[in-house]
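**Q** First the structure, which I've put down as structure tokens, then a few questions once you've had a look.
The values are calculated or read from the model by the stated rules, or taken from the named source; none is laboratory data. Nothing here was measured: the structure is a model prediction, and the numbers come from that model. Quick note on the areas: whole protein, heavy atoms, side chains included, nothing else; ligands and nucleic acids left out. Shrake-Rupley method; radii C 1.70, N 1.55, O 1.52, S 1.80 Å.
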Amino acid sequence: MIFARLEDNSLFRSTDDGVSWHQVWEGLLGTTVAKLKNNTNGDLFAITFDGDVYKSSDLGETWILVDQGIEHT
């Protein structure tokens with residue numbers, strides 16, 4: 001699985017090595033993703049430049065805010 005963020009801050013996912021792309025932003029609209037991380041349970045985490053953390057349990061299809069204001073490096 002590959003994720004790409006475009007200059008307009010939209011986020012896309014490919015599950016076929018980049019042959020096709022699907023926009024995944026529900027819950028992330030209006031944010032700017034700085035980093036994406038995953039855990040061993042298959043959850044994805046998006047960390048924004050503002051320090052907010054969003055979690056997705058459905059391969060990035062939908063996102064929920066789980067923490068606000070952490071610092072990232």
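**Q** Find the strands (runs of 3 or more DSSP E) located wholly in region 16-73 whose residues include 2 or more that are closer than 13 Å to Phe3 by Cα, and list them.
**A** Those strands (runs of 3 or more DSSP E) span 33-38, 44-48.
**Q** Would you please name the residue that is nearest to Leu65 (Cα to Cα), looking only at residues in region 1-44 that are of a type in the set (Asp, Glu) and open to solvent by 100 Å² or more (accessible area, probe 1.4 Å)?
**A** Step by step, filter region 1-44, then rank; the result is Glu26.
**Q** Kindly indicate the residue of region 45-60 that is of a type in the set (D, E, K, R) and open to solvent by 50 Å² or more (accessible area, probe 1.4 Å) and also farthest from the chain's Cα centre (by Cα) among those meeting that condition.
**A** Only one residue fits best here, namely Asp50.
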